[in-house]
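Worksheet: the structure to be examined is printed underneath.
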Amino acid sequence: MRVAFASDHAGWALRARIIGEVQSAGHVPVDCGGTEAVPGDDYPDVAAAVARAVVDGRAERGIVACGSGVGACVAANKVTGIRACLCHDSFSARQGVEDDDLNVLCLGARVVGEELAGDVLRAFLAARFSGADRHRRRLEKVRALERRHGSASEP
């Protein structure tokens, strides 16, 4: 699986761990930005880059790290087709994929340490959407919300 990732300056501390976990799980990292810590860069830019990589098919999933993870999650979810979630525990990361078809994981580098981030990343990368009828039904309702109420298609 190809996994897009990016971080702003505040998420920089998790960058090496993200790359390592993606590669250790046998996946291919797709670098979407934040190749150096640039003070004052903006999380919407890196979140949009990851989201576009996922919706354009250059990656099957994405990971964004910023300071809290909150801003990256808000920004990524503005792109139609993205189901981003802030997860700071492995249960939510796994369950988010299995039940909700989560396709972008957001992490807060100022909230979680590297070891916990590693646990969350491994759970996210190993999980697969269950495809259960109830989960498909709910996912279709989410897509209907996007169609009805709009979601930015341009980052």
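The values are calculated or read from the model by the stated rules, or taken from the named source; none is laboratory data. On a predicted model such as this, the values are computed, not experimentally measured, just so you know. Because the Cβ atoms are built from the backbone with ideal geometry, glycine has one as well, and the counts that use them run over all protein chains shown.
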Practice task
Would you mention how many residues in the stretch 44-74 are free of Cβ contacts under 8 Å to residues at least 40 places away in the same chain and touching a strand residue (DSSP E or B) at 6+ places or on another chain (Cβ under 8 Å)?
Solution key: 2
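Within the group Val79, Val97, which residue is buried (at least 20 other Cβ atoms within 10 Å of the Cβ), out of contact with any Gly (no Cβ under 7 Å at 6 or more places or on another chain), hydrophobic (A, V, I, L, M, F, W, C) and in a loop (DSSP other than H, G, I, E, B)? Spell out how you get there, then give the answer.
On the way: Val97 fails: in a loop (DSSP other than H, G, I, E, B).
Unique residue meeting the criteria: Val79.
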Handout entry: Only one of Phe91, Phe129 that is of a type outside the set (Val, Ile, Thr), surrounded by 14 or more Cβ atoms within 10 Å (Cβ to Cβ) and either assigned to a helix (DSSP H, G or I) or in contact (Cβ under 8 Å) with a residue 12 or more places away in the chain (or both)
Key = Phe129
Handout entry: Meets criteria (at pLDDT 95 or above, farther than 18 Å from Gly11 by Cα, assigned to a helix (DSSP H, G or I) and among the hydrophobic types (A, V, I, L, M, F, W, C)) for Ala117
Key = no
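Does Val112 meet the test of being closer than 18 Å to Phe5 by Cα, aliphatic (A, V, I, L, M) and part of a helix (DSSP H, G or I)? Break it down stepwise before answering.
Numbers: closer than 18 Å to Phe5 by Cα: yes; aliphatic (A, V, I, L, M): yes; part of a helix (DSSP H, G or I): no.
In short, no.
For the stretch 31-72, what are the residues that are of a type in the set (Val, Ile, Thr), farther than 15 Å from Leu121 by Cβ and not in a helix (DSSP H, G or I)? Please lay out each step first, then the result.
Initially, the stretch 31-72 is screened for residues of a type in the set (Val, Ile, Thr), giving 35, 38, 46, 50, 54-55, 63-64, 70.
So of that shortlist, the ones also farther than 15 Å from Leu121 by Cβ come out as 35, 38, 46, 54-55, 70.
Result: Thr35, Val38.
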